[in-house]
Amino acid sequence: MHKTKFIFVTGGVLSSLGKGLAAASIGAILKSRGLKVSIQKLDPYLNVDPGTMNPFQHGEVYVTDDGAETDLDLGHYERYLGVPMGRINNYTAGRIYNQVIAKERRGEYLGGTVQVIPQVTDEIKAAILSLASPNLDVALVEVGGTVGDIESLPFLEAIRQLKKELGPFNSLYVHLTLVPYLSTSGEHKSKPTQHSVKELRGIGIQPDIIIGRCEEPLPADIKRKIALFCNVDEDAVFSSVTVKNIYEVPLRFYEEGVDQKIAILLQLPAQNPNLTPWRRLVQVSESLQGQVTIAIVGKYVELKESYKSLHEALAHGGLVNGVRVNFLYLNSEELIEKSLEKHLRGMDGILIPGGFGMRGVDGKLLAVTYAREYKVPFFGICLGMQCMVIEFARKVAGLSLANSEEFDPDCPDKIIYLMSTWYDHRSGRQEVRDAHSDLGGTMRLGAYPCRLERGSLAQHIYGQDLIHERHRHRFEFNNKYMQQLSERGLVFSGFSPDGQLVEMVELKLKDHPWFVGCQFHPEFKSYPMAPHPLFRDFIRAAKEYSRG
Ligand code: GLN
């Protein structure tokens, strides 16, 4: 029998209240009480996974070690808990329905009528319970969306049923709502919370804990009122105030006593959390001395959420170097030769993040040239590395027609190309890849090993010979061009263990202070308590560059 206890987190009134952050912060405090904690996100939309969703709309696709393309909240979870997330930690309604329909087609329902209740809700319950294990004390389950949404209903019904099935003290409901402050009457208003809880109770869920998002801490009288009208204990209503620094949230929750109440309701061992690392983190992030400005040259610059992990990883790099990192997001489609100087002068570092499609590539290539020639620290991630290689081939190695097959399928020098057969190092299988068949799942996804070349900058930065990093791309460097480029000074510094796939490139220190590219996405594995080596060193180089 597993001993895992479940905390179900729902949201009401409005979306974007920071439910993911609240769930991650609760997880972080529980973890610092010595408990083993995991989190799962249930997304009510019908996409099977967020992999095919437009980052403009949905924000970043977060990739896990096991190659799942997940909601960006999983990034928060991993950063706050320091526990790797995986496929099991994110289910969408689409994935649940897909499984149910597949079972139906296989005849597993023995000819019965397949319905939302019980077949779909059973599938959801099984997904939730798959987290349970003898090694896990608490599983937080965040139900995406807002109470009242049609598509959330099967998920809410599933968690309603689970409370009873799990038995007393084994689960609880946390509801996050908005408690607005009306300056005209000078008071907090509890009505939206009351309505949201009424809706929740209509479904059969009585919250145990209510967390009110607010600008100022909720006064005792409003907490009392919410408790009375929403039928919860008075000491189970908490404030979640807007904070400048998101690392403060676990500390604020602790001060409010959120973990204490959870411990009582779930009969968890009484233990004081050790929040020293969080306090230190807040202290460090508030006492940064200098600053550096990094230009991020990309396509999805309008929605900052599209580069969520990247933003975080750069900030982590700033923390270890004692500097604040300012971001200048540049839309590469607008970056033309004439405006290069205007935009890029004064930058302490330039970064090209991952991306898809050829839109804006010319601007990215111009940014590489600028960084290479002016010796500005430059970091190319995934598509960014591919741009580095194309630029180098064209401008330094004289292959003026070099391109990626992705941008020009007919180009004569496909320096970045689609490998038709491809060896999967994890499964040991040879795969035939067809990028044009199905948009989901045709990519190299998840963690792969990479061997670093002795004496390279990459190896020096990592302090290791073998690393594991996460991938999400279709195209690879074409080894046919390796010799030609290395003769002109491009260093191939990271390879798949069989030497077949180029994973990292760089320029020698004598040629450039910091010019590094990687085919993987290191930003997914940077944590506030353990900044990623590449971001740490990139910001170090930017800091040095800024001091001239
Ligand atoms: N579009 C490129 C590829 O598929 C790069 C992908 C990325 O940057 N994540 O290979």
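The values are calculated or read from the model by the stated rules, or taken from the named source; none is laboratory data. Being a predicted model, the structure only gives us computed values, none of them experimental. Neighbour counts run over all protein chains shown; Cβ positions are idealised from the backbone, glycine included.
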Checklist entry - What are the residues in the range 441-482 that are surrounded by fewer than 17 Cβ atoms within 10 Å (Cβ to Cβ) and part of a strand (DSSP E or B), if any? => result P449, L466, H468
Item to check | Qualifying positions in the range 461-480 - away from the ligand (no atom under 16 Å from the Cβ) and at negative phi | outcome: I461, Y462, Q464, D465, L466, I467, H468, K480
Checklist entry - Can you spot a residue in the range 385-399 that is buried (at least 24 other Cβ atoms within 10 Å of the Cβ) and aromatic (F, W, Y)? => result yes
Checklist entry - Assuming I205 fulfils every condition listed in (1) over 18 Å from L17 (Cα atoms); (2) out of contact with any Lys or Arg (no Cβ under 6 Å at 6 or more places or on another chain); (3) buried (at least 17 other Cβ atoms within 10 Å of the Cβ) apart from one, which condition is it? => result (2)
Item to check | Positions within the range 22-52 being closer than 23 Å to A158 by Cα and among the hydrophobic types (A, V, I, L, M, F, W, C), in sequence order | outcome: A22, A23, A24, I26, V37, I39, L42, L46, V48
Checklist entry - Quick one: in the range 58-84, which of the residues that are of a type in the set (D, E, K, R) and assigned to a loop (DSSP other than H, G, I, E, B) is surrounded by the most Cβ atoms within 10 Å (Cβ to Cβ)? => result D71
Item to check | Filter result (within 11 Å of the ligand (Cβ to nearest atom) and part of a loop (DSSP other than H, G, I, E, B)) within the range 406-423 | outcome: E406, F407, L418, M419
Next on the checklist: Name the single residue that is modelled with the lowest pLDDT among those in the range 292-306 being of a type outside the set (A, V, I, L, M, F, W, C) and surrounded by 14 or more Cβ atoms within 10 Å (Cβ to Cβ).
Outcome noted: Y300
Checklist outcome for this item: Within the range 378-405, restricting to residues that are under 25 Å from the mean Cα position of the chain (by Cα) and not in a helix (DSSP H, G or I), the one that is nearest to P513 (Cα to Cα) is F378
Item to check | Residue under evaluation Y374, criteria (1) away from the ligand (no atom under 14 Å from the Cβ); (2) modelled with pLDDT of 95 or more; (3) under 21 Å from L310 (Cα atoms), criterion not met | outcome: (3)
Checklist entry - Does the range 34-57 hold any residues that are out of contact with any strand residue (DSSP E or B) (no Cβ under 7 Å at 6 or more places or on another chain) and crowded, with 18+ Cβ neighbours inside 10 Å, and which are they? => result P44, P55
Next on the checklist: G357 - would you say it is of a type in the set (G, A, S), within 16 Å of the ligand (Cβ to nearest atom) and crowded, with 17+ Cβ neighbours inside 10 Å?
Outcome noted: no
Item to check | Pick from the range 160-214, criterion of a type in the set (G, A, S) and touching a residue at least 60 places away in the same chain (Cβ under 8 Å), ranking: farthest from A236 (Cα to Cα) | outcome: S196
